[in-house]
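The values are calculated or read from the model by the stated rules, or taken from the named source; none is laboratory data. Only a predicted model underlies this, so the values are computations on that prediction, with no experimental measurement involved. Every residue, glycine as well, gets a Cβ built from its backbone with ideal geometry; the counts of neighbours run over all protein chains shown. The protein model used for the area step is the full one, side chains on, heavy atoms only, and it has no ligands, DNA or RNA in it. Shrake-Rupley method; radii C 1.70, N 1.55, O 1.52, S 1.80 Å.
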Amino acid sequence: MSKISVGIVGVGVHVPEKVLTNFDLEQMVDTSDTWIRTRTGIAERRVAAEGIATSDLAVEAAKAALDDAGITADEVDLILVTTSTPDMIFPSTACLVQSKLGIAGCAAFDLQAACTGFVYGFTVAAQFIETGMYKTVLLIGADAFTKYVNWQDRNTCVLFGDGAGAVVLRRVDDGYGLLSSYLAADGSGADLLKIPAGGSALPGNEYSIENNLHYVQMVGGEVFKFAVRILPEAGTKALEKAGLTVTDVDYLVPHQANIRIINAAADRLGINKEKIIVNLEKYGNTSTASIPLALYDLYASGGLKRGDVLLFVGFGAGLTWGANVIRWSEGGGR
Ligand code: ACO
């Protein structure tokens, strides 16, 4: 018996209201709008207000996705939140989202794969439906990295923004939806991008605060080289698994870290720039939320049609990387 096909039947996003522009950052650290634009492609990012946590962003995106799918929260069998900036170590952000949605009983858990989270999450979530265990999964990619950047460190604070994107996954027509996934990791690169304190290796304490160890640390140049190499590799591997090539791709939806990474990787992949969805100029790097936020822009523009082939590619801390190939189904169309 062939596998059940799983696709996106609703999409929703949420970003905080507060916009922090490059010009605002010029007042905070030794940087310039020109440097940030030319080195990253970012013009502004959204910043969650004090007291607003990842689950608050996630629940708004979730409500929008449920609404778009035309289903109610109590029809959800599983809430899967991908995040590296959970509200707290435990309980999971997925449980907090469940409570904020006013439902109880369905399964809920978090998955952490940094900026590759949404690709990992899609792959994991789909399997619950493919196996027949669940009918409806709410997958949310949400991060609030601005809570974890050192606003005195120009190397990192200009890069990140906050946001959330959610999709509702359900059975779709055979041959549509998720065609293939490719996931990978290399833990030997763990030191290249991390938040050292706050976990069991170094619980937050006076020492960690004095030494800024509760903030994002990144070896930017190494992450850059890794990303340029891995983005085309992951994309190609997932396409091969689906029996497709890059010429079959209608839209590449990459993790939005840096326009130079996306352009260099696109050249290696040999994909036409018009097929690449880029919105990092307005949101910065929103980590696991970046792929659904970019997908939403495409979706809301009305540009997607039944049968379009989408390639999601993520890469990030871990190191982790991966890709999903999706054939857009009518259920997810407006
Ligand atoms: N404003 C002005 N100057 C800056 C800034 C800034 N905001 N940040 C760094 N610089 C300076 C550096 O100090 C350095 O100065 P120096 O030569 O006097 O030491 C100079 O600019 C050049 O620095 P580089 O690191 O060589 O700049 P680069 O061209 O590599 O760009 C960047 C830096 C944008 C961080 C790039 O390396 C990059 O994008 N890396 C990948 C980042 C990324 O994708 N991270 C997220 C991964 S996903 C995840 O899991 C979260």
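Are there chymotrypsin sites (Phe, Trp or Tyr not before Pro) in the stretch 42-141 that DSSP marks as loop and that have at most 14 other Cβ atoms within 10 Å, and which are they?
Here no chymotrypsin sites (Phe, Trp or Tyr not before Pro) fit, given the DSSP loop and packing criteria.
Which net charge results when you count Lys and Arg as +1 and Asp and Glu as -1 among the other residues whose beta-carbon is under 13 Å from that of residue 128?
+2
At a threshold of 8 angstrom on Cα-Cα distance, excluding pairs fewer than six apart, so keeping six or more, what relative contact order does the stretch 6-174 reach in percent?
35
Report in % the part of the accessible area of the stretch 6-174 that belongs to carbon and sulfur, leaving out ligands and nucleic acids; probe 1.4 Å.
Carbon-and-sulfur percentage of accessible area, whole number: 50.
When ligands, DNA and RNA are left out and all protein chains stay put, how many square angstrom of accessible area per residue does the chain have with a 1.4 Å probe?
Accessible area per residue, the chain: 41 Å².
Could you tell me the relative contact order of the chain? Use alpha-carbon pairs under 8 Å, at least six residues apart, and round to a whole percent.
Result for the chain is 26 percent.
Which order do the peptides 148-156, 4-12, 177-185, 204-212 take when ranked by the mean count of other beta-carbon atoms within 10 Å per residue, highest first?
Final packing ranking: 4-12, 177-185, 148-156, 204-212.
Once neighbouring chains are kept in place and the probe is 1.4 Å, which whole percent of the accessible area of the stretch 178-327 is contributed by carbon and sulfur?
Roughly 50 percent of what the probe reaches on the stretch 178-327 is carbon or sulfur.
Could you grab the relative contact order for the stretch 178-327? Cα pairs under 8 Å, six or more apart, rounded to a whole percent.
Across the stretch 178-327, relative contact order equals 37 percent.
The chain: percent of C-alpha pairs farther apart than 38 Å?
When every Cα pair of the chain is considered, 10 percent fall beyond 38 Å.
Restricting to bridges with both residues inside the stretch 178-327, how much of the DSSP beta-bridge set is antiparallel, in percent to the nearest 5?
So the antiparallel bridges amount to about 75 percent of the total.
Counting only DSSP beta bridges with both residues in the chain, what percent are antiparallel, rounded to the nearest 5?
Roughly 70 percent of the DSSP beta bridges within the chain come out antiparallel.
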